[in-house]
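Participant: The structure that follows is given in the form of structure tokens.
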Amino acid sequence: MSTVGDVAEPTPSWDPYARGCPSRDLLDQIGSKWAVLVLGELARQGACRFTQLRQRLAGVSEKMLTQTLRTLERDGLVLRTVYPEAPIRVEYALTPLGQTLRGPLKALTDWSVRHIEEVLTSREEYDDRAGQQHRT
């Protein structure tokens, strides 16, 4: 894969719009609500323990956080480090590959904050129109 600056040029054989392409699966995984929030939190705060992540990500269940962290670790985006202490301490941090998502995730997060009012207005207008259509 050739690179331009820090951005890797995609391999022509990978097409996320094609059925069965592994890049589609990766987009699905890193684009999930909890993965975006876990990656974003690790990018903002650095290494965190499980309980710290769970506290900072209001609403995530222990099961969902565990599944998300395992998936991100499997994909090479998060590193799980076990410290042989009593009690055992486990921390999660972004890998160098995970660090490459910092910019795109920050841009997506910033966009969502900047445009949330417009989106909420659009949703309300849509719901009003949909409600009127169902009454007729």
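Participant: Within the stretch 14-35, does at least one residue satisfy the condition of being buried (at least 16 other Cβ atoms within 10 Å of the Cβ) and either farther than 19 Å from THR95 by Cβ or modelled with pLDDT of 95 or more (or both)?
Facilitator: Yes, the stretch 14-35 has at least one match.
Participant: Can I ask one more? Among the candidates LEU65, LEU57, LEU39, LEU69, single out the residue that is hydrophobic (A, V, I, L, M, F, W, C), within 28 Å of TRP111 (Cα to Cα), modelled with pLDDT of 95 or more and touching an Asp or Glu at 6+ places or on another chain (Cβ under 8 Å).
Facilitator: From the options LEU65, LEU57, LEU39, LEU69, the qualifying one is LEU57.
To keep it simple, each residue is scored yes or no on (1) without any contact (Cβ under 8 Å) to a residue 60 or more places away in the chain; (2) of a type outside the set (Phe, Trp, Tyr); (3) surrounded by 12 or more Cβ atoms within 10 Å (Cβ to Cβ); (4) over 15 Å from ALA35 (Cβ atoms).
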residue	(1), (2), (3), (4)
GLN67	yes, yes, yes, no
LEU94	yes, yes, yes, no
LEU105	no, yes, yes, no
ASP110	yes, yes, no, yes
GLU117	yes, yes, no, yes
LEU120	yes, yes, no, yes
GLN132	yes, yes, no, yes
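Participant: Going by the conditions given, is GLY103 under 14 Å from the mean Cα position of the chain (by Cα) and not aromatic (Phe, Trp, Tyr)?
Facilitator: Criteria met by GLY103.
Participant: Output the number of the condition that THR66 fails; it satisfies all remaining conditions of (1) within 19 Å of ARG44 (Cα to Cα); (2) touching a Phe, Trp or Tyr at 6+ places or on another chain (Cβ under 9 Å).
Facilitator: Condition (1) is where THR66 drops out.
Participant: Hand me the list of helices (runs of 4 or more DSSP H) wholly inside the stretch 41-136 holding 2 or more residues that are in contact with a helix residue (DSSP H, G or I) (Cβ under 7 Å, 6 or more places away or on another chain) and within 15 Å of ILE30 (Cβ to Cβ).
Facilitator: Values: elements: 50-56, 62-74, 96-99, 102-135.
Qualifying helices (runs of 4 or more DSSP H): 62-74, 102-135.
The values are calculated or read from the model by the stated rules, or taken from the named source; none is laboratory data. Every value quoted in this text rests on a predicted model; they were computed, and no experiment measured them. Counting neighbours? That spans all protein chains shown, and the Cβs are built from the backbone with ideal geometry, glycine included.
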